[in-house]
1. Excluding same-chain pairs closer than 8 in sequence, count the lysine pairs in the protein assembly as shown whose Cα atoms lie under 21 Å apart.
2. Count the net charge of all other residues whose Cβ sits under 12 Å from the Cβ of B:Gly63, scoring Lys and Arg as +1 and Asp and Glu as -1.
3. Let me know the volume per residue of the alpha-carbon convex hull for the protein assembly as shown, in Å³.
4. Assuming R0 = 22 Å, what is the FRET efficiency of B:Ser18 and B:Met41, from their Cβ-Cβ distance, to the nearest 0.05?
5. Just want to confirm a number: the relative contact order over chain B, from Cα pairs under 8 angstrom separated by 6+ residues, in percent.
6. Would you tell me the accessible area of A:Asp39, worked out with a 1.4 angstrom probe on the heavy atoms of the protein chains, in Å² to the nearest 10?
7. With viscosity set to 1.306 mPa s at 10 °C, what whole-number translational diffusion coefficient in µm²/s follows for chain B from Stokes-Einstein and a Kirkwood radius over Cα pairs?
8. Quick one: pull the percent of accessible area on the protein assembly as shown belonging to carbon and sulfur, 1.4 Å probe, ligands and nucleic acids left out.
Amino acid sequence: RKEVEQDPGPFNVPEGATVAFNCTYSNSASQSFFWYRQDCRKEPKLLMSVYSSGNEDGRFTAQLNRASQYISLLIRDSKLSDSATYLCVVTEGGGFKTIFGAGTRLFVKA
Amino acid sequence: NAGVTQTPKFQVLKTGQSMTLQCAQDMNHNSMYWYRQDPGMGLRLIYYSASEGTTDKGEVPNGYNVSRLNKREFSLRLESAAPSQTSVYFCASMWGARTTYGYTFGSGTRLTVV
């Protein structure tokens, strides 16, 4: 079993749609959780951290369920510019063991 | 405000050749990392350096060596390239501490070994 698993997609959605991605992790001792965004042939960039209480940044909402060991990312009112690969990232031990999911590809179409 | 700079951006090597990937950051971060990214797989850690003067193996260190030359620079060397090392390589530095931190990545090096 992979340490961090994501549905690879691709998710194809029209502009304005709401789309949700899930990610599961295997180590219950994992401490910190993040979503990164990676555009085609570019480097990953931090999208948002994920907190147990849930957090929102504009159209993006991240949730963490420690009991079930999964993380989610919700994108509302999708834009063409949201098309990218979204990486689920889990860390242990203050950041020195970081595990990246393989990513979920999103295509937003006009 | 360059962030993390990697060179070269592209490289083609023949099997058995050697090369060094260069990485420099201007953000005064202590920790630096080398990852490789292959299709269908997450980024995998090759080596990291928690601070100047220290380096440690990551998940996939075989076939690589690193040097933390100073606080700014962290290089990755392939002594004898193999086709299995065809990949995209990312250097990163880490900002923050404890529960508030993240990575800044360089733009990547696309390496093909033939």
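1. Lysine pairs meeting the criterion: 12.
2. Summing Lys and Arg as +1 and Asp and Glu as -1 gives +2.
3. In the protein assembly as shown, the Cα hull volume divided by residue count equals 126 Å³.
4. Numbers: r = 25 Å, r/R0 = 1.13.
After rounding to 0.05, the efficiency reads 0.35.
5. Reported as a whole number, the value is 35 percent.
6. 60
7. Values: Rh = 14.1 Å.
It comes out at roughly 113 µm²/s.
8. Here it works out to 49 percent.
The values are calculated or read from the model by the stated rules, or taken from the named source; none is laboratory data. As the structure is a computational prediction, the values presented were derived from the model and not from experiment. FYI the Cβ positions are ideal-geometry reconstructions off the backbone, even for glycines, and counts take in every protein chain you see. Remember, those area values only see protein heavy atoms, side chains included, never the ligands or the DNA or RNA. Shrake-Rupley method; radii C 1.70, N 1.55, O 1.52, S 1.80 Å.
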